[in-house]
1. Among the residues of the range 51-110, which ones are farther than 30 Å from His145 by Cα, out of contact with any strand residue (DSSP E or B) (no Cβ under 9 Å at 6 or more places or on another chain) and open to solvent by less than 30 Å² (accessible area, probe 1.4 Å)?
2. Quick one: in the range 319-356, of everything that is under 30 Å from Gly287 (Cβ atoms) and assigned to a loop (DSSP other than H, G, I, E, B), which residue is least open to solvent (accessible area, probe 1.4 Å)?
3. Pick from the range 256-273 the residues that are of a type in the set (Gly, Ala, Ser) and open to solvent by 10 Å² or more (accessible area, probe 1.4 Å): which of them is farthest from Gly317 (Cα to Cα)?
4. One residue is enough: does the range 311-318 have a residue meeting the conditions assigned to a helix (DSSP H, G or I), open to solvent by 10 Å² or more (accessible area, probe 1.4 Å) and free of Cβ contacts under 8 Å to residues at least 12 places away in the same chain?
5. If Gly280 passes every condition in (1) modelled with pLDDT of 95 or more; (2) more than 16 Å from the chain's Cα centre (by Cα); (3) surrounded by 23 or more Cβ atoms within 10 Å (Cβ to Cβ); (4) farther than 22 Å from Leu30 by Cβ but one, which one does it miss?
6. Report those helices (runs of 4 or more DSSP H) wholly inside the range 1-95 carrying at least 2 residues which are in contact (Cβ under 8 Å) with a residue 60 or more places away in the chain and in contact with a Leu (Cβ under 8 Å, 6 or more places away or on another chain).
7. All but one of (1) assigned to a helix (DSSP H, G or I); (2) in contact (Cβ under 8 Å) with a residue 40 or more places away in the chain; (3) of a type in the set (Gly, Ala, Ser); (4) open to solvent by less than 70 Å² (accessible area, probe 1.4 Å) hold for Ala209, so report the exception by its number.
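The values are calculated or read from the model by the stated rules, or taken from the named source; none is laboratory data. This structure is a prediction, so every number in the text was calculated from the model and none was measured. For neighbour counting, all protein chains shown are included, and Cβ atoms are generated from backbone atoms with ideal geometry for every residue, glycine included. For the accessible areas, the whole protein counts, side chains as well, though only heavy atoms, and no ligand, DNA or RNA atoms are used. Shrake-Rupley method; radii C 1.70, N 1.55, O 1.52, S 1.80 Å.
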Amino acid sequence: MSTAQTLGGMLRVRPGLRRPHTLTSNRRALAGLLLTGQPATAAPRLLASLFTLCGHAHALCGTLALAAAQGQEASASVAQLDALRWETARDHALRIGLDWPVELCAPGAVQASADGNRNALQGCPWLAGAARSHGDVDRTAWLTHLLGSSPRAWLDLWEQEPASWLARWCERKHGWLPALLRACAPLAVDSLLPAAPLRPHASPADLHALAAGMGTTFDATAPTWRGQCAETGSWTRLHDPRADPPANAWERLGARIADLARLSLPDAPGRSGAAWLATGALQTGPGEGLAWVEMARGLLLHRARVEGPPGDRRVAGYEVVAPTDWNFHAHGAVAHALERMPAEGSEAQASVRILMAAYDPCVRFAVEVHAATTEYHHA
């Protein structure tokens, strides 16, 4: 086990138990320990090193939070937004192409559906080793092959009726991806009890309230919003026109495909491309700043405090609240779903893997079913 994996912690997943025992985590809030006392200018680089998954988003969020804390202009540049789009789409492509064929295979499913994805990522522009010179046509062509239709057409039908469109698409289209979702559907359509969607960045007042709550007693590894658990993901985007949350894990998987489709389309404010993902920051007090970045797994929040003269600003305190901290809260939506799952049986492990793929933790997790433990790693 690497040092990075040890520092990142692990989730222990126990279906069939009562909350809070369905989910336990030894994940630690390390950002404050690492950054306190460091020069503010060095913090974004250190954050990218600490968070090996989604390091790009953490570096951007840190840059914005520290700028806001110092009363500077705190908005993402065109180049930063394009980089965020690129890396978020890359994260989706890797999860869908590499992890889903393993995590979504239901008992008795034809293994060919997993084997058939072997070349799925070949030619994917988001994974290309070359510079980011691929145009929107290239991105659209690759995704058109994956979906069996143009991303725009797929997205339009998804926005009209997500659940029914996803079902029709899985039944009508050939290819490993619809076959995979079709096979796992019976184990993924049980209704979830969703937590409140995490959208404090919809209102400056809400952001100030959130920052005020992130005081000395705030637990960044088990956060609450307005006194209750919240959830975040590609289905809680600030610009998403859909009002109702997905009903189950299966629709959340569909929401991740829809997110990739939006990121693959040309820029349109609040609709697609680099303009789809919301970012921002604001100064919440003297020497204090809060920043937010929508990333593959949901909403990332950084709160920074700085002190010292203008030429030598030092980090006085730092908190990071990642999507995993919200979604895998011991009393949250995932914990509630695990509580209702069987504690043993051939379908138990598969149901848990599908649920975890939908919410996608950024740390290793181990599923403990009937005294057996299976550990999973993310790339």
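1. Within the range 51-110, just Ala59 meets the criteria.
2. Step by step, filter the range 319-356, then rank; the result is Ala322.
3. First, the residues of the range 256-273 that are of a type in the set (Gly, Ala, Ser): 258, 261, 264, 268, 270, 272-273.
When the remaining residues are screened for being open to solvent by 10 Å² or more (accessible area, probe 1.4 Å), the result is 268, 270.
On the way: Ala268: 37, Gly270: 33 Å.
Top of the filtered list is Ala268.
4. yes
5. All conditions pass for Gly280, except number (3).
6. Here the list reads 31-35, 43-50, 55-69, 78-94.
7. Condition (2) is where Ala209 drops out.
Okay, residues lined up against (1) within 27 Å of Ala188 (Cβ to Cβ); (2) in contact (Cβ under 8 Å) with a residue 60 or more places away in the chain:
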site	(1), (2)
Cys229	yes, yes
Arg237	yes, no
Pro241	yes, yes
Ala258	yes, yes
Asp267	no, no
Gly289	no, yes
Leu299	yes, yes
